[in-house]
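Below: one structure, written as structure tokens.
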Amino acid sequence: MARISASVYTSHVPAIGAAIDHGKTGEPYWQPVFAGYDFSKQWMKDNKPDVIFLVYNDHATAFSLEMIPTFAIGTAAEFKPADEGYGARPVPTVIGHPELASHIAQSVIQDDFDLTIVNKMDVDHGLTVPLSLMCGEPPADNFAWPCPVIPFAVNVVQYPVPSGRRCFMLGQAIRRAVESYDEPLKVQIWGTGGMSHQLQGPRAGLINAEWDNRFLDRLIADPAELSQMPHIEYVREAGSEGIELVMWLIARGAMADVAGGKPPVLKHRFFHVPASNTAVGHLILENA
Ligand code: DHB
Ligand code: FE
């Protein structure tokens, strides 16, 4: 049977992608951000998954006001990096896992969560920046991400957005789906976006480092309690784009302790302000 080996949580700031793509990671502004991922890149090499189930949000790139799926699972064989207005990032095409993705869609929909099935989709910085942070720059002679990736897009851009509680329950359904797949795959689940940031209106530039760190504490130790937090508290305390953090509860809900297993092992924790307009947070939790 497939199993979830670990969960990864990270912010997805587009300027981080631009810094990588333009060779600026060593600059004084960026160096402390990338230093927080040195451990993670080595950890990825030492703990290479067979598949990454990557929970992220599209930023009106693949979707628009014409179509707003709350939860969308990518079942295609591949997903191209999107042109977000300044050309596509020079990163590898994302190779999907149609068989596992279709199985998860079947299982999760029969488990009462309505997913939109997406067979064609470009992926924006919400997905490619976390891959770059965790995997580094792929070598020219093997220009590929280390493994297949199932993109799972969550609407946190256009209201109404899903509650943290529903995201946490969905994570539990995803875990059941993975564990009922008849092949011994090692699957990582990633929750991305956040932390506190607001890109618009009178509060643009808002960062709340104290609240962010409390969020990390609670996500590690008591995610069930954290999942009860209403969306308005994210917006009030972490800014309008801080709502991206509900996606972290999907990944956390898929960990073994939520289903009565052992608490996860905290392998890495990192927090840094600022990166562009955003507080950067990052965790790695392994199933014991
Ligand atoms: C920024 C952060 C985001 O999450 C995003 O999607 C776009 C921009 C920023 O910090 O500039
Ligand atoms: Fe974003």
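Observations
- Fraction of antiparallel bridges per DSSP, the range 3-286 only, in percent to nearest 5: 50 percent
- Label-to-label distance, Ala259 versus Ser180, with points set 7 angstrom from Cα along the beta-carbon direction: 1.0 nm.
- Label-to-label distance for Ala77 and Tyr29 is 4.2 nm, based on points extended 7 Å past Cα in the beta-carbon direction.
- Here the range 138-179 is scanned for amide nitrogen atoms under 20 Å from the site 7 Å beyond the Cα of Lys45 along Cα-to-Cβ, giving 138-148.
- 222 nm mean residue ellipticity, helices alone, for the chain (DSSP H n ≥ 4; -39,500 (n - 2.57); rounded to 500): -9500 deg cm²/dmol
- Local electrostatic count at Gln42 - Lys and Arg +1, Asp and Glu -1, tallied over other residues with Cβ under 12 Å: +2
- Segment Lys267-Thr116, extension gain: residue separation times 0.36 nm, minus the distance between their alpha carbons: 51.0 nm
- Calculated from backbone phi, Karplus (6.51, -1.76, 1.60) coupling profile of the range 260-271 in Hz, x at Gly/Pro: x, x, 6, x, x, 9, 7, 8, 7, 9, 8, 8
- Shown for the chain: lysine pairs separated by 8 or more places, or found on different chains, whose C-alpha atoms are under 29 Å apart, numbering 23.
- Karplus-derived HN-Hα couplings along the range 144-153 (A = 6.51, B = -1.76, C = 1.60, θ = phi - 60°), whole Hz, x at Gly and Pro: 7, 6, x, 7, x, 10, 9, x, 10, 8
- Within the shell defined by Cβ-Cβ distances under 14 Å, the residues around Pro146 carry a net charge of +1, with Lys and Arg each +1 and Asp and Glu each -1.
- Amide hydrogen neighbours beyond the local backbone of Asn57, cut-off 5 Å, H modeled: Val154
- A quarter of the convex hull surface defined by the alpha-carbon atoms of the chain gives 13.9 nm² as the mean projection.
- For the chain, with +1 on Lys and Arg beta carbons and -1 on Asp and Glu, the positive-most of Val235, Ile117, His22 along the dipole: Val235
- For the range 94-214: rounded, prolate or oblate by the Cα gyration tensor [a/c cutoff 1.5]: oblate
- Segments 27-37, 192-202, 269-279, 120-130 sorted - mean Cβ within 10 Å per residue, highest first: 120-130, 192-202, 269-279, 27-37
- Euclidean distance of C-alpha centroids, the range 1-54 and the range 195-243, integer Å: 21 Å
- Cα-projected label distance for Met1 with Glu225, points at 7 Å along beta-carbon direction, nm: 3.0 nm
- The phi-based Karplus calculation (6.51 cos²θ - 1.76 cosθ + 1.60; θ = phi - 60°) puts the 3J(HN,Hα) values of the range 13-20 at 2, x, 5, 5, x, 5, 4, 5 Hz, whole numbers, x for Gly and Pro.
- Centre separation in Å (Cα based) which lies between the range 64-92 and the range 94-109: 17 Å
Every number here is computed from the coordinates shown, using simple stated rules; none is lab data. Note that the structure is predicted; figures quoted are calculated from it, not measured. Note that each Cβ is placed from the backbone with ideal geometry, even for glycine, and that neighbours are counted across all protein chains shown.
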